[in-house]
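What follows is a set of notes on a single structure, which appears directly below.
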Amino acid sequence: MILFACIHNSGRSVAARILTEHYAEGSVEARSAGSAPSGTINPLISEVLAERGLRTEAEIPTALDDAAVGEADVVVTMGCGETCPFLPGKRYEDWQVEDPAGQDLKTARRVVHDIDRRVQALLANLASGQ
């Protein structure tokens, strides 16, 4: 299982989770969480994902905790900094992805494109055993 973590669990980590499940087609489970979850999903991220035929209506920002990290094989952090739990034996990646909060649609598209590229590379690495 891959856990994607960011601060609010409303943009970056949600996009990464949805894109992962889209590309993995059931072969990989993905979850997302945030160190300080917001109440709603970023509407611009929802719009950009909808442009790709992907839906966010079922997404609910979730708190990041040790249990979520404990269940994960891979933990991808995106800006949650020192508040992200660290457990030995997990594969960690830190993606420096721009925060789309408060940005415009063009920025949100760029962020989702960046995450899309990274998700595809991660899935390819996992499939090859790396």
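Worth pointing out:
- Total residues in the range 77-110, condition out of contact with any strand residue (DSSP E or B) (no Cβ under 7 Å at 6 or more places or on another chain) and at pLDDT 90 or above: 15
- Note on the range 1-51: among residues that are without any contact (Cβ under 8 Å) to a residue 40 or more places away in the chain, among the polar types (S, T, N, Q) and not in a helix (DSSP H, G or I), the one that is surrounded by the most Cβ atoms within 10 Å (Cβ to Cβ) is Ser32.
- Residue in the range 72-91 that is part of a helix (DSSP H, G or I) and either among the aliphatic types (A, V, I, L, M) or at negative phi (or both) present: yes
- Tally, over the range 61-117, of residues that are of a type in the set (D, E, K, R) and touching a residue at least 60 places away in the same chain (Cβ under 8 Å): 6
- Within the range 9-62, the set of residues being over 23 Å from Thr107 (Cβ atoms) and among the basic types (Lys, Arg) comprises just one member, Arg31.
The values are calculated or read from the model by the stated rules, or taken from the named source; none is laboratory data. What you see is a predicted model, and the numbers here were worked out from it, not measured in a lab. A quick note on method: Cβ atoms are made from the backbone with ideal geometry, for glycine too, and the neighbour counts reach across all protein chains shown.
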